[in-house]
Amino acid sequence: MDAPVLTVDLDALARNWRALDALSGTAETGAAVKADAYGLGLAPVAGALWGAGCRRFFVATLAEGIALRAILPDAAVHILNGVRGEGAAAARAHRLIPCLNAPHQVADWRAAGGGPCALQLDSGMARLGVQSGDLDAVLRDEADTLADCVLVMSHLACADEPAHPQNAAQRAAFEAMLPTVRAVAPRAEASLAATGGTLLGAEYRYDLVRCGIGLYGGLPFADAEPVVTLTAPIVQIRTIAAGDSVGYGASWTAARPSRIATLPLGYADGIHRALSSATYVVIDGRPAPLAGRVSMDLLTVDVTDHPHVDERGIVEIVGPHRGIDALAADAGTIGYEMLTALGTRYERRYKGATRN
Ligand SMILES: *Cc1c(COP(=O)(O)O)cnc(C)c1O
């Protein structure tokens, strides 16, 4: 049985980076490649982005940073979650740049010997970063360590909603904290925007933008080129009578004599169970609705209105007729979660000459 195929178009990825880089004007365009490059494969994605001209990368964890260092020996690699304890020495040994988020992380970085680091500020998201009330103390107590700060950054909570008042509020809070950081760290560049912030306008871009989802073809970068295609072969087709049910829980009942095609992917492959009877796949350019529950390794599709499809047919789950965000919306989630949930069982094909 052939596996479902996940195709990643590295040329489209590179074009998305160039488009965002052109849009960000004088700001440098960094790339977020955390979570295995949003599930698409760290090595091919990072190689293609480096080939396009990207020199700064953001991962979430130390382990991701060490993996990326082995792929791109000369890239600037930032660890968004920062470091703690012995991790600080490991980050230093791999020339990784931790985003220090709290006084204890700054202290651990100093204890490991310090060096180039980033300082993350909490401008109102209440997730990561030094809070304004702690800033003066950490700048005073750790002035020597933070003199090596090369980047002062923060993250927007509502950048995908341009009219949301929190965008301007966070920008004002960031601006208010910048001078005190720069008094200690004169070299530090500033960064506030991910993909959404990059699109908000020049005043959000500062020296560096940190784009993730837009590179991978997802909203809020509506002009992104699609990067991901997901297709699956049909495993089996059966004919059932009106009144027969399909799948776990017998949750779908045929209203007419029906043909049901079974596909070899399920929720273990990131096809969320919430998609049961709630979305469609595409056959020969036309929709075919899911019939019944998504199971772990399989899903079932009503192909009654596709009389020509047979057991050698190939079905499009994500592709030219069906974007990742549209599928995500049917699952009640976002493109980011669809991508990072795709799992490890697909046959992965990488298209494009920029792979290194
Ligand atoms: C994930 C992340 C990014 C990239 O966000 P996108 O919305 O995917 O562009 C940038 N900065 C931080 C701090 C992040 O956590």
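Some points to look at:
- Simple rule: put +1 on each Lys or Arg Cβ and -1 on each Asp or Glu Cβ in the chain, find the dipole, and look at G124, G352, I324; the Cα lying farthest toward the positive end is G352.
- For the peptides 47-59, 172-184, 29-41, the ranking by mean Cβ contacts within 10 Å, running from highest to lowest, is 29-41, 47-59, 172-184.
- Extending 7 Å from the Cα toward the beta-carbon at both D134 and V5 defines two label points whose distance is 5.0 nm.
- Sorting 157-163, 196-202 by average packing, meaning the other beta carbons within 10 Å per residue, from highest down gives 196-202, 157-163.
- Length gained on full extension, R286 to T344: 18.1 nm, using 0.36 nm per residue less the C-alpha separation.
- Spin-label zone in the stretch 183-203 - amide nitrogen under 19 Å from a point set 7 Å from the Cα of Q166 along the C-beta vector: 192-201
- Once the chain from R238 to A111 is taken as fully extended at 0.36 nm per residue, the excess over their C-alpha distance is 39.2 nm.
- Full-stretch length increase - A176, D305 - with 0.36 nm per residue and alpha-carbon distance subtracted: 40.4 nm
- Per-peptide average of other Cβ atoms within 10 Å, ordering 13-23, 210-220, 116-126 highest first: 210-220, 116-126, 13-23
- The chain: DSSP helices with Cα axial extent of at least 24 Å and average Kyte-Doolittle hydropathy no lower than 0.0: 165-184
- Neighbourhood net charge (9 Å Cβ-Cβ; Lys/Arg +1, Asp/Glu -1) for G30: +2
- Modelled spin labels at R55 and D223, positioned 7 Å past Cα toward Cβ, are 2.5 nm from each other.
- When the chain is treated as a GNM with alpha-carbon contacts under 10 Å, the residue of R127, R322, R84 showing the greatest mean-square fluctuation is R127.
- The stretch 260-312 shape via C-alpha gyration tensor axes, a/c threshold 1.5: prolate
- Cα-based shape type of the stretch 10-216, given that a ≥ b ≥ c are square roots of the gyration tensor eigenvalues and the cut on a/c is 1.5: oblate
- The overall shape of the chain, judged from the alpha-carbon gyration tensor, is prolate: a/c is not under 1.5, and a/b is greater than b/c.
Every number here is computed from the coordinates shown, using simple stated rules; none is lab data. Small disclaimer: the values here were computed from a predicted structure and weren't measured. Cβ: placed from backbone, ideal geometry, glycine included. Neighbour counts: every protein chain shown.
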